[in-house]
Amino acid sequence: IAQLGRELRAGSDGGLPHSVTVPTACPEELRSLAVDVNLLVSSVNSELHARRRAAAALNRSEETYRRLFERHPAAMFVYEPETLRFVAVNEGAVTTYGYTREEFLELTIEDLRPPEDRARLREAVGDGIWRHLRKDGTAMDVAISSDEIEFGGKPARLVLAQDVTEKNQLQQQLQQVYKMEAVGQLAGGIAHDFNNLLTVISGYSVLAVDSLASEDAPAQAHIAEVQRAAARAAELTHQLLAYSRQQVLERTSLDLNSVVRDAESLLRRIIREDIGIVTELAEDLGRVLADEGQLAQVLMNLAVNAREAMSPGGRLTIRTRNVFLDEAAGAELWGAPAGEYVVLEVADTGTGMNEETLDHLFEPFFTTKAVGGGTGLGLSTVFGIVKQSEGYIKAESTIDAGTTFTIYLPRNETATQRRPTLAASTHGGNETILVVEDEPLVRNLIEKILGVRGYVVLSAGGAEEALRLSREHEIDAVVTDVVMPSVSGPELVEQLRLDRPGLRALLMSGYTSDAVLEQGVNDDDVAFIQKPFSADLLAARLRLLLDS
C-alpha cells in the first residue's frame, strides 16, 4: 500500500501506476489484495485514457470549428436570442459590415436592420433573404442561415450571413431581359400583321386619289385624312419594331460627334427657349457601327423626355467620350462584354425619377404622363435601337436632381463607310416581275401598283407556286415577303437563283430579324423595303434595283 502511494505521488501523467508488485514473502491475503488492486488500477487507467482521448478530440474539434468560424469568407456571428446582443463575430463579418470586433460586441441584431424592419424583428428572425445595413449606412441583401447552439454555457444562435446583393441585381436584370424579350416578340408579331394592313390601307388610298377626278376635292380631302392616319399608325409600328429590334438598320461607320452636331440645330427647335443645350464632345472620339438616322432618333426621343421633365427651365447636356469597360463594369451593365466603347450621354436637370419608375422605364407603353399625354414608346424605342446596334443603355436619376441616360456603343474602327446611292425614279418599266406574298390583300395591291406602271406581273402566294412560275416564264426580278410559311423570302431567292444566277430581288417585310436579313440584304442584287410602304416608294426601290 505504501508502494502504491509512492508511485501515485511520483506519477508524471497524473494517472495511476500500471501495476503494484508484492514481495513473495508477503502473506497470501496480501498477494490476493494486490491482484484486486491491479485490476482496479487497470480499469481506472483505461477510463482515464478514454477520457483524455475524448478531451483531446473535443479540443481538436473545437479548434477546427474556431478556425472554420474565423476563416470563413462570409460573415458569421453568434448572438443571444433573448437580448439579441452579439457575443462573437468572425473576420468576414468585420469586413462585410465595416464594424470592428469591439464595435460589434456593443451592437444587437436590431442595429443591422433598416429602421422599417426593426419593429417586426423578433417576430421575423429566421433564415431567408433579409435587408441589412453596413456601418456606412449602405444597404445590402443577405442570405441568412442559422442554427441553435450553446455558447459559454448559454443558449445562443449561430448565423451565416452571405452578401447576395450583386447576385440579386443580376437576377433582376436577367428577369427584366426575359420580360422585355417576350414583350418584344409580341410587339414584333403585332407589327407584322398590322403593317400588312397599313400597306393595304395606304396603298389603296393612293390608288383611289389617282382615280378620282381633280375637281372632287371633298373626296380627295377625306382620303388624305385616311393617309395621314395610316402614316401615324405606321410610326407607332416602327416604334414597336425598334423596341423589338426587328427593324432594318443601315449600319455604317459613324462619328458620334457628327451625329450630335447635325442633330443640334433640330434639337434647338424642339427644345423650349428656357432650356439651355450644352455639348461636351471628346476630340479623339472613336467610331461606331450604327444607323445614323436611328441614332438621331435616339437623341430626339431623349431630348423630348428631358424637355418634359424640365419646367419651367433647365439645362440639357450632351457628352461623348471613349471608355474601357472591364468585366466587373460590364456585368453591371446588362452583361456587356469587356472592351472599348464610345459613350453618348444625355443629362438633364429636371424633376428626376424614383426607383419604381426606373425599374419600368424602358417597357413599351409605360408612361408617367396623364392619359393622352404620350404613347409610352419613346424610351422603349431608344432601348430597341441601342440594343439592335449591339449597345447598352442605363439610366440614373435622383428626385429633383435630374436624369442621365448613358449609351455605350462598341468602338469599331474597321467599319465601311456608307455606299453612295443612285437617284431613285418612280417611273415604271416593261420588265417581268414575280411577286410572292402570302397575304392576298397585299399581293393584290402590289399587282395593281406595278401593273399601272407597265410591268408584267406574275403573282404567287408561296414558294412552290413561285418556283413553278419561274420555270414557266422569263422573269427579271422577284419581289417577295421575308416572313412566309415554310420557306422565307431569302431562302426562296436562293432557290430561284439555282436556275437564274444573279436574279434581282426586292425583299419586303413589316417584321424581320437580323438573322434573316443577313441571308441577302447585303447582297448588291438584293434590296429591302419596310412595310408599310407607299406606291411611289415601292416603284422607286424596284426601279433603282433594276437599273443599278
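Throughout, read-outs are computed from the coordinates displayed, never taken from laboratory work. Please read all numbers here as calculations on a predicted model, not as lab measurements. Please note: Cβ atoms are built from the backbone with ideal geometry, for glycine as well, and neighbour counts cover all protein chains shown.
Multiplying the residue separation of Phe366 and Ser265 by 0.36 nm and removing their Cα-Cα distance gives an extension gain of 33.4 nm. Taking packing as the residue-averaged number of other Cβ atoms within 10 angstrom, the listed peptides 403-411, 84-92, 448-456 run from highest to lowest as 403-411, 84-92, 448-456.
Note on the range 283-365: Cα-only Rg and Dmax are 15.0, 41 Å. Here r is the Cβ-Cβ distance between Gln495 and Ile129 and R0 is 60 Å; the resulting FRET efficiency, rounded to 0.05, is 0.60. Here the gap between Leu174 and Glu225, fully extended at 0.36 nm per residue and compared with their Cα-Cα distance, gives a gain of 14.0 nm.
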